[in-house]
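Notes follow once the structure below has been shown.
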Amino acid sequence: MTVLAIDQGTSGTKAIVADPVDGVVGLAEVPVNPVYLSGGGVEQDPGELLASVLEAGRRAMEQAGRPVEAVALANQGETVLAWDPATGRPLTQAIVWQDRRAEGLCAELAEHADWIARRTGLVLDPYFTAPKMAWLRRNLTTEGVVTTTDTWLVHHLTGEFVTDASTASRSLLMDLDAADWDPELARLFGLGDERLPRIAACDEVVGTTRAFGPEIPVAGLVVDQQAALLAEGCLTPGTAKCTFGTGAFLLANTGGTALRSPSGLTSSVAWRVRGDTPYCVDGQVYTAASAVRWIRDLGFIGSAADLDTVAAPDSGGVLCVPALAGLAAPWWRSDATAAFTGMTLSTGREHLVLAVLQGIAAQVAELGGLVAADLGAPLTALRVDGGLTRSRTLMQATADLMQTPIEVYPSPHATALGAAALARLAVRPELAIEQAVFDWTPSTGYEPRWTAERAAEFRSRWRDAVSLGLPRETPARPAPNSGGSA
C-alpha cells in the first residue's frame, strides 16, 4: 500500500510517498527556521511548521501522481506550544526541544529528580516536554491548551486531540510502566489542571484529512527517533541505531523491559503496536550536524561535503569536545561549553576539522558503552542514518572508538519510512510488524581499524577534556539513582 509519510523536524519538513514495491515515488522538503534567542531560548513559528507540512505533503503527492491509502506523521518529540482548541490558532511560538529556559524550573524540582526518574525513565531536564510546558505557562500564557507540536498538527489535519505513546513517553508526565498520563507528575510540574491529549497507539487510525486531496486516514503517529529505530529493523532487544542529524541520537530496543538506567540514559516507549508496548533506552548528543555547521560558518569547510577532503589523517594531538549546546547523557550539563585541547602553532584547520568529527564520535561511543552496560552485553553492530553518515571520516571514527561495526542505512528517509510502516499496520491489520518494515541491506559498512587499547586511551583523554568545558563552581549532575530495571 502507498503511504504519504511526513517527517516534521527541527530544521525542515520532509514528505515522501512510499510504496513497498516501487520504493519512494514522491519526495519534497521544505526548510523551517528555528530562532536562537539569548538565555538559551530556541523557538519556531507554528504557522511555518504547519505550512511546511502542508506544502511538503502536497508537493510529494503531486510528484508521485498516485493515490495514497494513509498519511503518517513523525514529530520532533519534545517541542511544545500553547493553542486555542476551539480555533486551532497558536497562542505562542513553538518552544523547541533544544530550549534551555526551563533550567531554573528544573532546579526548583531537583529534590524530586530520583522519584521522577523512577516513575518516567527520564532525567529531570529542560530537554523534555513538561519543564517547557510549565515554563510556558509561567511566562507566556495561561490560555488554551499546551501540547507537543504533533497534537496541534494532527488537530489541524483531523480535528482530533491526540498524541501517541512514544511522544507521551518523552514528556515527564507519563508513568513509563503504565504507559499512561500520571496525575501526580502533572501536579508536581504545576500542570494538574491541564487538558492532555488522548494517547493513541502508533498503529491506530486517529482520524481522516482532506488536506492533501481526497479524504484519507491519518495514522502512524510516532517520535522521529523511534520511527528511525523501527525503519532500521531494530525490532529485538539489543539491536541499536544512531541517527546523525542536528544532534546524534542512539537508541537500543529493550523489548518489554522499561530499563531505569543507572548511568543517566533515558528510557521511553519505542512504539505501541498490535497491543504490545516495547521500550527503548537512548542517549543524546546535542550537537552533531550543528557542530559541522559551526565549523562551516567559521570558514573551516565550505559545506559538509568537504569534511572528508579537509580532515587530516591524524589530529596531531588535538582533541575537541563539541559541547556547543551543552552535554546530555551521561553528564546532563546544559552549562557545559565546547573545548579544544592540544593545539600548537603547527595546528591547522584540517586538524580542527578531524578533532570535531572525532569529538562527535567520542560522544556516541560513550553512549554506546553505557547502552551496553545497561543491556548487560556489548552491541554487536550499530545501524546509522542521517546526513552525516555520508562522511567516511566520521563513520570510521565512530567504528574505531566504539570498537563496533557500523552499518549505514541505505536511504536518507529512515524516519519517514518508519512512520510509513506504522501507517501500513494501522490500515492493514493482517500485517505483522516485520512485514510492514521495508527490507534493507547496508549501503556501506565500517569495521574498527584501531586497536581496543588505542580506542580506550583516546576515550580516556577525551573524557578528561570534557572537564575543561564544565564551570568549576558547579559540580556535574550525578545520574539519577533509579534503582535498576522495572
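The values are calculated or read from the model by the stated rules, or taken from the named source; none is laboratory data. Just so it is clear, the structure is predicted and the values come from calculations on it, not from any experiment. So basically every Cβ, Gly included, is an ideal-geometry build from the backbone, and we count neighbours across all protein chains shown.
Does E204 fit the bill of being in a loop (DSSP other than H, G, I, E, B) and within 25 Å of the chain's Cα centre (by Cα)? When the stated conditions are applied, E204 passes them. For A231, are the conditions met, namely being in contact with a helix residue (DSSP H, G or I) (Cβ under 7 Å, 6 or more places away or on another chain), among the aliphatic types (A, V, I, L, M) and closer than 19 Å to M402 by Cβ? So A231 does not fit the description; no. The set of residues in segment 59-102 that are closer than 17 Å to V154 by Cβ and either out of contact with any strand residue (DSSP E or B) (no Cβ under 9 Å at 6 or more places or on another chain) or of a type in the set (D, E, K, R) (or both) comprises E78, D84, A86, T87, G88, R89. Of the residues making up segment 398-421, those that are hydrophobic (A, V, I, L, M, F, W, C) and in contact with a strand residue (DSSP E or B) (Cβ under 9 Å, 6 or more places away or on another chain) are A399, M402, I406, V408, A414, A416, L417, A419, A420, A421. Note on segment 75-121: among residues that are among the hydroxyl-bearing types (S, T, Y) and within 21 Å of the chain's Cα centre (by Cα), the one that is farthest from A420 (Cα to Cα) is T120. Scanning segment 254-274 for residues that are under 15 Å from D175 (Cα atoms) and among the hydroxyl-bearing types (S, T, Y) gives T257, T266, S267, S268. Against the condition more than 30 Å from V17 (Cβ to Cβ), surrounded by 15 or more Cβ atoms within 10 Å (Cβ to Cβ) and in the same structural domain as S166 (by TED's automatic domain parsing), how does P46 come out, does it pass? When the stated conditions are applied, P46 does not pass them.
Results for (1) buried (at least 16 other Cβ atoms within 10 Å of the Cβ); (2) on the phi > 0 side of the Ramachandran plot; (3) at pLDDT below 95; (4) not β-branched (V, I, T), shown as yes or no for each residue.
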site: L417; (1), (2), (3), (4): yes, no, no, yes
site: P429; (1), (2), (3), (4): no, no, yes, yes
site: E434; (1), (2), (3), (4): no, no, yes, yes
site: D439; (1), (2), (3), (4): no, no, yes, yes
site: E447; (1), (2), (3), (4): no, no, no, yes
site: E453; (1), (2), (3), (4): no, no, no, yes
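Here is a yes/no grid of residues against (1) out of contact with any Asp or Glu (no Cβ under 9 Å at 6 or more places or on another chain); (2) within 30 Å of D335 (Cβ to Cβ); (3) of a type outside the set (A, V, I, L, M):
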position	(1), (2), (3)
I16	no, no, no
G23	yes, no, yes
V32	no, yes, no
G40	no, yes, yes
A64	no, no, no
P67	yes, no, yes
V71	yes, no, no
Q76	no, yes, yes
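Taking the conditions exactly as written (surrounded by fewer than 22 Cβ atoms within 10 Å (Cβ to Cβ), among the hydroxyl-bearing types (S, T, Y) and at pLDDT 95 or above), does S460 satisfy them or not? The answer is yes for S460. The conditions of being out of contact with any helix residue (DSSP H, G or I) (no Cβ under 7 Å at 6 or more places or on another chain) and surrounded by 20 or more Cβ atoms within 10 Å (Cβ to Cβ) are not met by V3.
Criterion applied to G359, G387 was being at pLDDT 95 or above, in contact with a Pro (Cβ under 8 Å, 6 or more places away or on another chain) and in the same structural domain as D297 (by TED's automatic domain parsing), and the one residue passing it is G359.
Among the residues of segment 362-392, write down those that are within 28 Å of K14 (Cα to Cα), over 18 Å from the mean Cα position of the chain (by Cα) and in a helix (DSSP H, G or I). Residues satisfying the conditions are R390, R392.
Within segment 315-327, can one find any residue that is surrounded by 22 or more Cβ atoms within 10 Å (Cβ to Cβ) and under 30 Å from T236 (Cα atoms)? For segment 315-327, residues surrounded by 22 or more Cβ atoms within 10 Å (Cβ to Cβ) and under 30 Å from T236 (Cα atoms): present. Taking helices (runs of 4 or more DSSP H) as the structural unit, those lying wholly within segment 14-126 and holding at least 2 residues that are in contact with a Leu (Cβ under 8 Å, 6 or more places away or on another chain) correspond to 46-64, 113-120. Yes or no: segment 385-407 includes at least one residue that is touching a Leu at 6+ places or on another chain (Cβ under 9 Å), farther than 21 Å from L357 by Cβ and surrounded by 23 or more Cβ atoms within 10 Å (Cβ to Cβ). Scanning segment 385-407 turns up no residue that is touching a Leu at 6+ places or on another chain (Cβ under 9 Å), farther than 21 Å from L357 by Cβ and surrounded by 23 or more Cβ atoms within 10 Å (Cβ to Cβ).
Residue pairs whose Cβ atoms lie under 7 Å apart, sitting 6 or more positions apart in sequence or on different chains, and linking a residue in segment 25-41 that is closer than 30 Å to L105 by Cα to a partner that is among the hydroxyl-bearing types (S, T, Y), are V32/S11; V32/T13; V32/S52; P34/T10; P34/S11.
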